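Participant: Structure below; questions to follow.
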Amino acid sequence: MIVPAAPAESLMSIEPPEPLSRLARLVALDDRLLRRLVRSRRRGATFGMKVLCRLYDPDMVVLGIAIALFSPSLVDIANRAGLALIVTSVLVVVVKRAVRRKRPALDIQASVPPDRFSFPSGHTAAAFAVAVAMTGTMPLLVPPLLVLAIIVGYGRMYLGVHYPLDVGAGAAVGLLTGSLVALW
């Protein structure tokens, strides 16, 4: 069967697709970066990242703070960590509910996320906030805690539960709230 050719004017009326907005391009890049990262997962490293990120679950951090409150020499550290965690958690929940960014696809998640929304990463925010808040009391503790915070942020991406932008925003929130607590 021969299909008649379309008139020339109808071919001219076809418009090219709209270019993606900057935000749409950024979100697409975010997704590509995450998918590239999760392809490199290894079983042992995945287990290690799950354990490490579990240590920074808010309930585990609160447990550590509660234990530290029973030691007179650790009360100031516990107070700073607790305040940093509370302020950070409130800010993260407010931003998550305002932005409502969905988590990465289920097929790339190696861990069960704590909630529905992805932006910003609460684990990363908590890790950075506690690390920076220690500058006022235990400055020698800050560098290893910052390294740990970076690993936690990487781990959230590695486990496929946060996009790189989520982790970057979580780090920014944590740095801000931790700095405010350290100054206070």
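The values are calculated or read from the model by the stated rules, or taken from the named source; none is laboratory data. Everything numeric here is computed off the predicted structure, so don't read it as measured data. Every residue, glycine among them, receives a Cβ derived from its backbone with ideal geometry; neighbour counts consider all protein chains shown.
Participant: Listed residues Leu74, Leu34, Leu83, Leu91; which is surrounded by 13 or more Cβ atoms within 10 Å (Cβ to Cβ), of a type outside the set (Val, Ile, Thr), assigned to a helix (DSSP H, G or I) and at pLDDT 90 or above?
Facilitator: Leu91
Participant: Does Val167 fit the bill of being in contact (Cβ under 8 Å) with a residue 24 or more places away in the chain, in a helix (DSSP H, G or I) and in contact with a helix residue (DSSP H, G or I) (Cβ under 7 Å, 6 or more places away or on another chain)?
Facilitator: yes
Participant: Please go through the range 128-164 and pick out each residue that is part of a helix (DSSP H, G or I), touching a Lys or Arg at 6+ places or on another chain (Cβ under 8 Å) and hydroxyl-bearing (Ser, Thr, Tyr).
Facilitator: Passing the criteria: only Tyr158.
Participant: Can you tell me which residue within the range 41-88, out of those that are among the basic types (Lys, Arg) and touching a helix residue (DSSP H, G or I) at 6+ places or on another chain (Cβ under 7 Å), is farthest from Leu141 (Cα to Cα)?
Facilitator: Arg41
Participant: On the given criteria, is Pro113 modelled with pLDDT of 90 or more, farther than 19 Å from Gly64 by Cβ, out of contact with any Leu (no Cβ under 8 Å at 6 or more places or on another chain) and not in a helix (DSSP H, G or I)?
Facilitator: no
Participant: Here is a follow-up. Inspect the range 47-56 for any residue being within 28 Å of Leu176 (Cβ to Cβ), of a type outside the set (S, T, N, Q) and either modelled with pLDDT under 75 or touching a Cys at 6+ places or on another chain (Cβ under 9 Å) (or both) and give the result as yes or no.
Facilitator: yes
Participant: Looking at (1) of a type in the set (Val, Ile, Thr); (2) free of Cβ contacts under 8 Å to residues at least 12 places away in the same chain; (3) closer than 23 Å to Leu33 by Cα; (4) in contact with a helix residue (DSSP H, G or I) (Cβ under 6 Å, 6 or more places away or on another chain), which is the one condition that is false for Val152?
Facilitator: (2)
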